[in-house]
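The values are calculated or read from the model by the stated rules, or taken from the named source; none is laboratory data. Note that this is a predicted model, so its numbers are computed, not measured. Counting neighbours? That spans all protein chains shown, and the Cβs are built from the backbone with ideal geometry, glycine included. The protein model used for the area step is the full one, side chains on, heavy atoms only, and it has no ligands, DNA or RNA in it. Shrake-Rupley method; radii C 1.70, N 1.55, O 1.52, S 1.80 Å.
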Amino acid sequence: SPHISFRGVTKRFPVKGTEFTAVDGIDLDVARGEFLVLVGPSGCGKSTLLDLLGGLTSPSEGEILLDGTPITGPGLDRGIVFQQYALLPWRTAQGNVEFGLEATGVPRRQRAERAAEFLNLVGLSGFEDRHPHQLSGGMRQRVAIARSLAYDPAVLLMDEPFAALDAQTRESLQDELVRIWQRTGKTIVFITHAIDEAVLLGQRVAVLTSRPGRVKEVVPIDLGDRLS
Ligand code: ADP
Ligand code: ADP
């Protein structure tokens, strides 16, 4: 059975006394361990879909099932990485990753070990004691990824996580993410407006259109496509 299942998901926002349909009747299944990319132009509802998956907002119609159970709010079964790093500036890299564990009931000693392990996973061993302002943009985003992975969510949700980075840093983070995905077996839902990034990262790419946001087609990406 699918890990994630969108069933007739529609989201409307009240706008000037009427309603604006941001996403309209989305039906889509995501397999366990799949790397799915949602791609489309600005305004096609990508962030809305990710917010719905994150439980940060709820559908106007339809439902999203996670392991067969409707999503009703945020949960530790889903980690989210946003475009802006959203790190706590007064905490070190280590402290930021530990922050993600404080809600989980993992004892303090193990939080420290786990944080160090996940900073190592994202290539930041030796940078544990740096504060965000002492890290490059790419390194900050690595911390954000470590933080969201450290409490072992089954699903990783990523909202244009590399869009604010320079091209070279973006490429290194893209490679790193594929490695992390292969090593951890997480289900990843990744959104981007860049078709090249979608095709590079996704096992399947769902192409969205706007006004209202709908799935136009879902394309499996094979190695031949990736190399071309
Ligand atoms: P994308 O991430 O693809 O750029 P969004 O999900 O941010 O698209 O937005 C989809 C559409 O819904 C856009 O037209 C946007 O203006 C509208 N929208 C998003 N959030 C709200 C909101 N809170 N209130 C009104 N309209 C919104
Ligand atoms: P990133 O791709 O992580 O953003 P940058 O290209 O911005 O990294 O690198 C900023 C500086 O930090 C560079 O001098 C780079 O060599 C160094 N650096 C980045 N990641 C590491 C790491 N894991 N270990 C050692 N040095 C690093």
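Applying the criterion of being of a type in the set (Gly, Ala, Ser) and at pLDDT 95 or above to the residues of the range 195-212, the residue that is nearest to Gly43 (Cα to Cα) is Ala206. Among (1) modelled with pLDDT of 95 or more; (2) in a loop (DSSP other than H, G, I, E, B), which single condition is Gly62 missing? Of the numbered conditions (1) modelled with pLDDT of 95 or more; (2) in a loop (DSSP other than H, G, I, E, B), the odd one out for Gly62 is (2). When each of Asp24, Asp29 is tested for being of a type in the set (D, E, K, R), touching a strand residue (DSSP E or B) at 6+ places or on another chain (Cβ under 9 Å) and farther than 30 Å from Arg183 by Cα, the lone residue that passes is Asp24. Only residues that are more than 8 Å from ligand 2 (Cβ to nearest atom), open to solvent by 20 Å² or more (accessible area, probe 1.4 Å) and over 20 Å from Arg179 (Cα atoms) were counted across the range 123-153, and they come to 6. Which of the residues spanning the range 202-225 are of a type in the set (A, V, I, L, M, F, W, C), in contact with a Leu (Cβ under 7 Å, 6 or more places away or on another chain) and open to solvent by less than 30 Å² (accessible area, probe 1.4 Å)? Result: Ala206, Leu208. I'd like the residue in the range 168-195 that is within 11 Å of ligand 2 (Cβ to nearest atom) and open to solvent by 10 Å² or more (accessible area, probe 1.4 Å) and, out of all such residues, is farthest from Arg32 (Cα to Cα). Applying the filter and picking the extreme gives Gln168.
Taking the criterion of being under 21 Å from Gly33 (Cβ atoms) and of a type in the set (Asp, Glu), the residues of the range 43-100 that qualify are Asp67, Asp77. Strands (runs of 3 or more DSSP E) fully within the range 135-228 that include at least 3 residues being free of Cβ contacts under 8 Å to residues at least 24 places away in the same chain: 214-220. Would a scan of the range 21-31 turn up a residue that is of a type outside the set (D, E, K, R), away from ligand 2 (no atom under 16 Å from the Cβ), surrounded by 17 or more Cβ atoms within 10 Å (Cβ to Cβ) and not in a strand (DSSP E or B)? No - not one qualifying residue is present in the range 21-31.
Going by the conditions given, is Leu52 among the hydrophobic types (A, V, I, L, M, F, W, C), open to solvent by less than 30 Å² (accessible area, probe 1.4 Å), out of contact with any Cys (no Cβ under 6 Å at 6 or more places or on another chain) and in a loop (DSSP other than H, G, I, E, B)? Judged against the criteria, Leu52 is not a match.
Within the range 42-65, can one find any residue that is farther than 26 Å from Ser210 by Cβ and in contact with a strand residue (DSSP E or B) (Cβ under 9 Å, 6 or more places away or on another chain)? Within the range 42-65, none of the residues are farther than 26 Å from Ser210 by Cβ and in contact with a strand residue (DSSP E or B) (Cβ under 9 Å, 6 or more places away or on another chain). Of all residues in the range 1-25, those satisfying the criterion of being within 11 Å of Glu61 (Cα to Cα) and touching a helix residue (DSSP H, G or I) at 6+ places or on another chain (Cβ under 7 Å) are Val9, Lys11, Val23. Scanning the range 1-20 for residues that are closer than 16 Å to Leu53 by Cβ and open to solvent by 70 Å² or more (accessible area, probe 1.4 Å) returns a single hit, Arg7.
Only one of the numbered conditions (1) touching a Pro at 6+ places or on another chain (Cβ under 7 Å); (2) at pLDDT 95 or above; (3) open to solvent by 40 Å² or more (accessible area, probe 1.4 Å) is not met by Gln83, and that is (2).
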